[in-house]
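Engineer: Okay, here's the structure, questions in a sec.
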Amino acid sequence: MIRIPHIIAHRGASIEAPENTLAAIRVTSARGARWIECDVTLTSDGACVLFHDDTLERTSTGHGVIGHHDLASLRALDAGSWFSDIYIGERIPTLEDAFDTLAALEMGVNLEIKPSGCDPVALCKEVAKRIGQRRDVPVLLSSFDDGAVAVIPDLLPGIPCGWLVEEIPVNWQERYQALNARALHCDHKSLTRAQAEEVVAAGVPLVCYTINDPVRAAELFDWGVTSVITDDPARMIAAIPRPPA
Ligand code: G3P
Ligand code: MG
């Protein structure tokens, strides 16, 4: 299992740069964090791009469902101006571009498989084609889609995949094992100390999203949480520069 760092920047350093862009990766690096979390989905012509929402309006100049657009039309959109004039000209990145930037900055990634209406297994297959042979970027996959989590070990043996949930279910161990997952990712808001301790005692890496308050992050680390995903890596790194002992 790869070493998961204690701080991961959510969609990149999304508090100060447009989410899921190359700029958000670069700002993360400049702030001293080594990993980002980002969301990958499929275009209508089978390209892999970083994007969170099902639809284009919130974080780009486009309109409609992302999966209804081909790569060329998506690359013509602006994905930075919604955030700030500083980022006018930022594009929706391909997965390959994101990996090239991460490799150049010696960074790693928690890549969330985000079907956004497309076929989850088709998305996993396209991701596998693009990253299966790369060894220059440490990768932890994850998904809320159980079908995606279950298929990853076959498509990408050797690349771990976390099971993403909003709340940890009572029978989590049984489902976790059935999915052959390698980490458990959950919303910190619903996590209890008892749940965290149970997961940690089972030897399962526990990743929580999305925490921007360092006091809450310190509490989670005290419970044994492996890693926190934050919009504000600069603030988190300043408060908690090293992983808890
Ligand atoms: O991977 C953690 C987190 O990103 C999951 O939620 O909606 O921000 O992709 P979301
Ligand atoms: Mg995500």
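Engineer: Using DSSP, restrict attention to beta bridges with both residues in the chain and report what percent are antiparallel, rounded to the nearest 5.
Structural biologist: Just about 15 percent of them are antiparallel.
Engineer: Relative to the longest principal axis of the chain, what angle (0 to 90°, nearest 10) does the C-alpha long axis of helix 146-155 take?
Structural biologist: 80 degrees
Engineer: Further, regarding this structure: Quick one: order GLU197, GLU16, GLU166 from most to least accessible surface, probe 1.4 Å. Please list the in-between numbers first.
Structural biologist: Numbers: GLU197 85, GLU16 55, GLU166 125 Å².
I get GLU166, GLU197, GLU16, largest accessible area first.
Engineer: So for segment 95-245, averaging the separation of alpha carbon pairs under 8 Å that are six or more residues apart and normalising by length, what relative contact order in percent results? The partial results should precede the final answer.
Structural biologist: On the way: 215 pairs, mean separation 22.2, N = 151.
Relative CO of segment 95-245 lands at 15 percent.
Engineer: For LEU140, which sequence-distant residues (separation of 5 or more, or a different chain) have an amide H within less than 5 Å of its own amide H, given hydrogens modelled in the peptide plane?
Structural biologist: Placed amide hydrogens put VAL109, ASN110, LEU111 under 5 Å from LEU140.
Engineer: Additional query: Which order do LYS114, LYS125 take when ranked by solvent-accessible area (1.4 Å probe, heavy atoms of all protein chains), largest first?
Structural biologist: Numbers: LYS114 35, LYS125 110 Å².
Putting LYS114, LYS125 in descending order of accessible area: LYS125, LYS114.
Engineer: Kindly write out, for segment 198-205 in residue order, the coupling ³J(HN,Hα) from the Karplus curve 6.51 cos²θ - 1.76 cosθ + 1.60 (θ = phi - 60°), rounded to whole Hz, with x marking Gly and Pro.
Structural biologist: Ordered by residue, 3J(HN,Hα) equals 5, 5, 5, 5, 7, x, 9, x Hz.
Engineer: Now a separate question. What list of ³J(HN,Hα) values in whole Hz, one per residue of segment 3-17 in order, does the Karplus curve 6.51 cos²θ - 1.76 cosθ + 1.60 (θ = phi - 60°) give from phi, with Gly and Pro shown as x?
Structural biologist: 7, 8, x, 6, 10, 10, 7, 6, 6, x, 6, 6, 7, 10, 8
Engineer: For GLU19, GLU167, GLU198, write out the residues from largest to smallest accessible area, computed with a 1.4 angstrom probe and no ligands counted.
Structural biologist: On the way: GLU19 20, GLU167 130, GLU198 90 Å².
From most exposed to least exposed: GLU167, GLU198, GLU19.
Engineer: Can you give me the % of accessible surface on segment 7-239 that is carbon or sulfur? Probe 1.4 Å, all protein chains present, nothing else counted. Mind showing how you got there, number by number?
Structural biologist: Working: 4770 of 9400 Å².
Reported share for carbon and sulfur atoms: 51 percent.
Engineer: Still on this structure, please answer the following. For segment 230-243, in order, what is each residue's ³J(HN,Hα) by Karplus, 6.51 cos²θ - 1.76 cosθ + 1.60 with θ = phi - 60°, in whole Hz (x at glycine and Pro)?
Structural biologist: For segment 230-243, the Karplus-derived couplings read 10, 6, 10, x, 4, 5, 5, 5, 4, 7, 9, x, 10, x Hz, x marking Gly and Pro.
Engineer: Further question on the same structure: With every protein chain in place, what's the accessible area of TYR87 (1.4 Å probe, Å², nearest 10)?
Structural biologist: Roll a 1.4 Å probe over it and TYR87 shows about 40 Å².
Engineer: With each label point set 7 Å from Cα along the Cα-Cβ vector, what nm distance links ALA202 and GLU106?
Structural biologist: That separation, rounded to one decimal, is 3.6 nm.
Engineer: Next question, about the same structure. I'm a student and want to see the number: the projected area of the Cα convex hull of segment 59-196, averaged over all directions, in nm².
Structural biologist: Across all orientations, segment 59-196 yields a mean hull projection of 10.2 nm².
Engineer: Non-local amide H neighbours of GLY80 (under 5 Å, H modeled in plane, Pro and chain starts lacking H): which ones?
Structural biologist: GLY89, GLU90
Engineer: Next up: May I ask you to compute the full-extension gain from ALA238 to ARG193, defined as 0.36 nm times their residue separation minus their alpha-carbon distance, rounded to one decimal in nm? Write out the running numbers ahead of the final one.
Structural biologist: Details: separation 45, 0.36 × 45 = 16.20 nm, distance 2.47 nm.
Length gained, ALA238 through ARG193: 13.7 nm.
Engineer: Further question on the same structure: So what is the accessible area of the chain per residue, in Å², with the probe set to 1.4 Å?
Structural biologist: Values: 10340 Å² over 245 residues.
That works out to 42 Å² per residue.
Engineer: Would you check the accessible area of THR101, probe 1.4 Å, heavy atoms only, in square angstrom rounded to 10?
Structural biologist: Ignoring ligands and nucleic acids, THR101 comes out at about 20 Å².
Engineer: When the helix-only estimate is applied to the chain (DSSP H runs of n ≥ 4, each -39,500 (n - 2.57), divided by the residue count), what is the mean residue ellipticity at 222 nm, nearest 500 deg cm²/dmol?
Structural biologist: On the way: 9 runs with 79 residues, N = 245.
Mean residue ellipticity at 222 nm (helix-derived): -9000 deg cm²/dmol.
Engineer: Go ahead and run the numbers for FRET between ALA245 and GLU96, Cβ-Cβ distance against an R0 of 45 Å, rounding to 0.05. Intermediate values should be presented prior to the final figure.
Structural biologist: Numbers: r = 38 Å, r/R0 = 0.84.
E(calc), rounded to 0.05, equals 0.75.
Engineer: Could you tell me the accessible area of LYS129 in Å² (1.4 Å probe, neighbours in place), rounded to the nearest ten?
Structural biologist: For LYS129, the solvent-accessible surface is approximately 140 Å².
Engineer: Still on this structure: List the residues, sorted by chain then number, that are 5 or more residues from ASP232 or on another chain and whose placed amide H is less than 5 Å from its amide H.
Structural biologist: HIS10
The values are calculated or read from the model by the stated rules, or taken from the named source; none is laboratory data. Values in this document were obtained by computation on a predicted structure and should not be read as measured data. Quick reminder, even Gly has a Cβ in these numbers, built from the backbone with ideal geometry, and neighbours come from all protein chains shown. Ligands, DNA and RNA are stripped out before the accessible areas are found, and what is left, the full protein with its side chains, is counted by its heavy atoms. Shrake-Rupley method; radii C 1.70, N 1.55, O 1.52, S 1.80 Å.
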